[in-house]
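Peer 1: Mind looking over this structure? Questions follow.
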């Protein structure tokens with residue numbers, strides 16, 4: 001039987017704690033609800049037993065919510081965190097996201113707002129927590145867009161992808177505009193969604209920003225996903241119609257298939273007998289990555305020989321921006337970048353399937 005979710009409510013107002021305990025009792029998953037009137041008490045409870053979610057107010061005496069959240073993020077990195085505040089302050093909101101909260105709520109007042117609040121909390125409780133991405137530099141872009149819209153936020157999302165930079169504007173939970181270099185509106189939104197990596201920053205809203213996007217955010221995300229799939233299919237077709245050998249076409253088809261696995265950010269497949277790189281996807285410098293893959297495997301093989309550890313077949317590296325897995329099999333070397341939200345177990349499971357079905 002799955003363990004019951006446990007929520008810790010932190011607020012210095014006892015009446016509000018009682019009110020939100022009653023509201024949260026309506027959640028379909030029926031979590032256990034605990035309460036704390038101070039930051040010190042909340043941290044003591046978190047140290048005494050595992051919780052799934054901390055839901056914290058911001059304005060409290062002695063130790064405010066932001067201080068508590070900063071401590072919690074360091075001490076309990078797997079804990080999901082959310083802010084529930086009556087203060088509509090964009091600076092507080094930006095600071096909370098920078099600390100790494102999963103979602104920021106203004107205290108709901110209407111039945112519709114309460115329903116939205118409960119839907120968001122239930123979604124948070126249902127997400128995997130192993131190695132989960134958090135904060136403005138650790139969520140996927142789709143996650144952040146969905147959270148901004150579900151929480152009916154008014155904000156600007158600044159996205160940096162290397163030298164590229166873009167912005168998406170939200171007004172009351174709707175996407176109203178986007179820019180990326182010389183693009184604006186929907187084309188800019190789709191361009192930004194095509195970036196596989198980057199950093200995010202939540203900025204204050206711009207009430208004067210003119211609206212150029214009128215579709216729902218669900219429609220925008222769906223169209224972006226379809227455009228991405230069509231671009232992949234076109235790339236495969238172009239390779240098939242080129243002068244490439246049947247072997248090269250097959251290898252690139254394998255790379256395209258691997259790219260569709262959950263959480264994959266880039267793929268490189270090459271021969272282990274030569275420096276020839278036979279296929280890559282979403283890799284800026286395939287030759288450089290290929291050399292690094294080959295030298296890393298060789299280094300670990302030599303270390304394995306020294307330690308008498310046996311053959312090195314696969315290596316996983318866990319990073320702040322993404323995870324990387326390297327494997328050698330059937331005279332081929334494979335390097336795959338994974339989203340940091342995936343656990344080691346999920347990466348190993350994906351690699352086992354990929355090696356069994358595609359690299360043999």
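The values are calculated or read from the model by the stated rules, or taken from the named source; none is laboratory data. Model, not experiment: these values are computed from the prediction. Virtual Cβ from ideal backbone geometry, glycine too; neighbours counted across all protein chains shown.
Yes/no per residue for (1) crowded, with 20+ Cβ neighbours inside 10 Å; (2) in contact (Cβ under 8 Å) with a residue 24 or more places away in the chain:
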position: 48; (1), (2): no, no
position: 57; (1), (2): yes, yes
position: 68; (1), (2): yes, yes
position: 73; (1), (2): no, yes
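Peer 1: Filter the stretch 145-181 down to the residues that are in contact with a helix residue (DSSP H, G or I) (Cβ under 9 Å, 6 or more places away or on another chain) and not in a strand (DSSP E or B) and list them by number.
Peer 2: Within the stretch 145-181, 145, 146, 147, 148, 149, 150, 151, 152, 153, 154, 173, 181 meet the criteria.
Peer 1: Can you tell me which of (1) more than 19 Å from residue 124 (Cβ to Cβ); (2) over 25 Å from the mean Cα position of the chain (by Cα); (3) at pLDDT 85 or above is the one residue 67 doesn't meet?
Peer 2: (2)
Peer 1: Would you check which residues across the stretch 199-223 are surrounded by 14 or more Cβ atoms within 10 Å (Cβ to Cβ) and more than 21 Å from residue 142 (Cβ to Cβ) and list them?
Peer 2: Of everything in the stretch 199-223, those that are surrounded by 14 or more Cβ atoms within 10 Å (Cβ to Cβ) and more than 21 Å from residue 142 (Cβ to Cβ) turn out to be 206, 209.
This table checks each residue for (1) in contact with a helix residue (DSSP H, G or I) (Cβ under 6 Å, 6 or more places away or on another chain); (2) farther than 18 Å from residue 148 by Cβ; (3) modelled with pLDDT of 80 or more.
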site: 80; (1), (2), (3): yes, no, yes
site: 84; (1), (2), (3): no, no, yes
site: 87; (1), (2), (3): no, yes, no
site: 92; (1), (2), (3): no, no, no
site: 97; (1), (2), (3): no, no, no
site: 111; (1), (2), (3): no, yes, yes
site: 119; (1), (2), (3): no, no, yes
site: 123; (1), (2), (3): no, no, no
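Peer 1: Just the residues that are surrounded by 14 or more Cβ atoms within 10 Å (Cβ to Cβ) and touching a strand residue (DSSP E or B) at 6+ places or on another chain (Cβ under 6 Å), please, taken from the stretch 21-41.
Peer 2: Correct list: 21, 24, 31, 33, 34, 35, 36.
Peer 1: For the stretch 282-300, check the following and say yes or no: at least one residue is loosely packed, with under 14 Cβ neighbours inside 10 Å, at pLDDT below 75 and either outside any loop (DSSP other than H, G, I, E, B) or in the same structural domain as residue 347 (by TED's automatic domain parsing) (or both).
Peer 2: yes
Peer 1: When you look at residue 104, is it at negative phi, part of a helix (DSSP H, G or I), touching a residue at least 40 places away in the same chain (Cβ under 8 Å) and touching a strand residue (DSSP E or B) at 6+ places or on another chain (Cβ under 9 Å), yes or no? Walk me through it before giving the result.
Peer 2: Details: at negative phi: yes; part of a helix (DSSP H, G or I): no; touching a residue at least 40 places away in the same chain (Cβ under 8 Å): yes; touching a strand residue (DSSP E or B) at 6+ places or on another chain (Cβ under 9 Å): yes.
It is false that residue 104 is at negative phi, part of a helix (DSSP H, G or I), touching a residue at least 40 places away in the same chain (Cβ under 8 Å) and touching a strand residue (DSSP E or B) at 6+ places or on another chain (Cβ under 9 Å).
Peer 1: Scan 310, 337, 317 and give me the residue that is more than 13 Å from residue 267 (Cα to Cα) and outside any loop (DSSP other than H, G, I, E, B).
Peer 2: Values: 310 fails: outside any loop (DSSP other than H, G, I, E, B); 337 fails: more than 13 Å from residue 267 (Cα to Cα).
None of the other options fit; the residue is 317.
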